[in-house]
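Student: Provided herewith is a single structure, encoded as structure tokens, for subsequent inquiry.
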Amino acid sequence: MAKVGVTFQPDRAYLDLVLPLAVELADYVEVAPETLWRRDAHGNLAANAFHATLRTFVTASGLDVVAHGVGLSLGTADPYDEPRLQRWLARIAEDHATFGFLWYSDHLGATVLDGIELTLPIALPATEAAASVVAERLRRLQAIVHDVGCENAVCYFTLDDWLHEPGFLDRVLHAPRTHLVLDLHNVFTMARNLGVDPARYLEALDLDRVIEIHVSGGSDSDPAWLPSRRVLRLDAHDSAVPEPVWDMLARVAPFCRNLRGVTLERMEGTVEPGDVPLLRRELERVREVVAGLQGAQATASGVRADSAAEVHADRSTDATTEATDAEHTDLAAQQARLARALTRLDRSSVAGDGVADDDGFRLAAMMVARLRFERLMRLSPTAHAWFERDAQAFTRAFVRYHASCPADAVDPWGDGDRFGRWVDRHAGSEPD
């Protein structure tokens, strides 16, 4: 029987408002493990105060914990990422020993490119090299957590036809105990931004691989953000779940024969007291869907069996193909170009890499900068005070800093210290 989950976010106001609902209406909480960590004096990953908050909560409530990260960076091809990956896996093992994660998933894509921490998952090409990189990282994660998986991608620009992704996922998730986390707002976002019928994507998925479904809301970009004035859907987790996502949940969930959970996602900093009634209704709606699944799944499994076998028959021979060393090297080089282009907002340098959408590329670069800005506000008292004192001057300086001093993926927690040193070198002791 599938369970109901809700996200556990590192924000005191969020926790105060949402945790009572979780205790009443959910069976598990889902956490991004990297939000549980900090850098200690020796540069190691250590438990932070939020780690203790989660530990206290699950002990008191008896709720289970599911892990859903961003920073493992499943698609990173750079061989020099190995030390960071080993440190990440070691920290995950410590947390799993504490919380006993029911399963662990991360996003399909790469957040670390050429040693740069972009935070935003960047699209992968649907190649054998990319599939083998993701599958290998899942294999290594599986040495720690029994059941692992990846979430279908949401990206503002693509490196391949989005409708090729279901076949790509078949090649990634061919090993036992590797699963798909089906994020329906991701599907909604990609379909809307690309002008594609979401049903075409869903019909091509192997739904037997789905261990968890995510439902969430989002928002639209400001027309002023892009020179074209184009509006794109943002996977922001900052508002109500739209009705098309609820409709997809009702249609798809009965066919997910191995479904273990449906999770309502909401981002920290987006919940105020007036949002609590909405979140209550949404969790109740998720619970109603889950309660009605048992009989529906038994009926639906026979209906989809023949069509699913036909859809996936032509992919079965591709599941274990391997990429050459040269193909891995080419993928790493492509990712390095993308990292430089995104931090400098220079699409011309990746024009030959399949980045066809100027608007999507520009928006992705803006999101990378925004996520770094938000991290800097948390990590650097210097940055926060300067922004409060003179937002325009700080913004001009941040743009220069972001382009000239890429975020170090080995130590993204050190960005606050790096910014302070950069200010001392470039703006004197008192920022102007």
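Student: Kindly provide the set of residues from the range 381-403 that are touching a Lys or Arg at 6+ places or on another chain (Cβ under 9 Å) and of a type outside the set (A, V, I, L, M, F, W, C), ordered by number.
Tutor: In the first step, residues of the range 381-403 are kept if they are touching a Lys or Arg at 6+ places or on another chain (Cβ under 9 Å); the result is 384, 398, 401-403.
The answer is 384, 401, 402.
Student: Also, quick follow-up: Within the range 228-269, track down each residue that is farther than 20 Å from residue 153 by Cβ, assigned to a loop (DSSP other than H, G, I, E, B) and without any contact (Cβ under 8 Å) to a residue 60 or more places away in the chain.
Tutor: Within the range 228-269, 229, 231, 239, 240, 257 qualify.
Student: Can you pull out every residue in the range 20-44 that is within 22 Å of the chain's Cα centre (by Cα), open to solvent by 20 Å² or more (accessible area, probe 1.4 Å) and of a type in the set (A, V, I, L, M)?
Tutor: If the condition is that a residue be within 22 Å of the chain's Cα centre (by Cα), open to solvent by 20 Å² or more (accessible area, probe 1.4 Å) and of a type in the set (A, V, I, L, M), then 32 is the only one that fits.
Student: State whether the residues of the range 398-409 include one that is touching a Pro at 6+ places or on another chain (Cβ under 9 Å) and either part of a helix (DSSP H, G or I) or farther than 25 Å from residue 158 by Cα (or both). Can you show your working first?
Tutor: Just the residues of the range 398-409 that are touching a Pro at 6+ places or on another chain (Cβ under 9 Å), to begin with: none.
No: zero hits.
Student: Right, next: Do we have residue 53 as closer than 25 Å to residue 416 by Cβ, among the polar types (S, T, N, Q), open to solvent by 20 Å² or more (accessible area, probe 1.4 Å) and in contact (Cβ under 8 Å) with a residue 24 or more places away in the chain here? Working first, answer last.
Tutor: On the way: closer than 25 Å to residue 416 by Cβ: yes; among the polar types (S, T, N, Q): yes; open to solvent by 20 Å² or more (accessible area, probe 1.4 Å): yes; in contact (Cβ under 8 Å) with a residue 24 or more places away in the chain: yes.
Answer is yes for this residue.
Student: Out of the range 155-171, which residues are of a type in the set (D, E, K, R) and either assigned to a helix (DSSP H, G or I) or farther than 17 Å from residue 110 by Cβ (or both)?
Tutor: Initial filter on the range 155-171 (of a type in the set (D, E, K, R)): 160-161, 165, 170-171.
Scanning the range 155-171 gives 161, 165, 170, 171.
Student: Report yes if some residue within the range 338-345 is more than 30 Å from residue 118 (Cβ to Cβ), open to solvent by 50 Å² or more (accessible area, probe 1.4 Å), at pLDDT below 90 and not in a helix (DSSP H, G or I); otherwise report no.
Tutor: Let us first name the residues in the range 338-345 that are more than 30 Å from residue 118 (Cβ to Cβ), namely none.
Scanning the range 338-345 turns up no residue that is more than 30 Å from residue 118 (Cβ to Cβ), open to solvent by 50 Å² or more (accessible area, probe 1.4 Å), at pLDDT below 90 and not in a helix (DSSP H, G or I).
For (1) within 15 Å of residue 328 (Cα to Cα); (2) buried (at least 23 other Cβ atoms within 10 Å of the Cβ); (3) hydroxyl-bearing (Ser, Thr, Tyr), each residue gets a yes or a no:
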{"site": "98", "(1), (2), (3)": "no, no, yes"}
{"site": "101", "(1), (2), (3)": "no, yes, no"}
{"site": "113", "(1), (2), (3)": "yes, yes, no"}
{"site": "123", "(1), (2), (3)": "no, yes, no"}
{"site": "135", "(1), (2), (3)": "yes, no, no"}
{"site": "141", "(1), (2), (3)": "no, yes, no"}
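The values are calculated or read from the model by the stated rules, or taken from the named source; none is laboratory data. These figures come from a predicted structure and were not determined experimentally. With ideal geometry, Cβ positions are generated from the backbone for all residues, glycine too; neighbour counts draw on all protein chains shown. These accessible areas exclude ligands, DNA and RNA; they are computed on the full protein's heavy atoms, side chains included. Shrake-Rupley method; radii C 1.70, N 1.55, O 1.52, S 1.80 Å.
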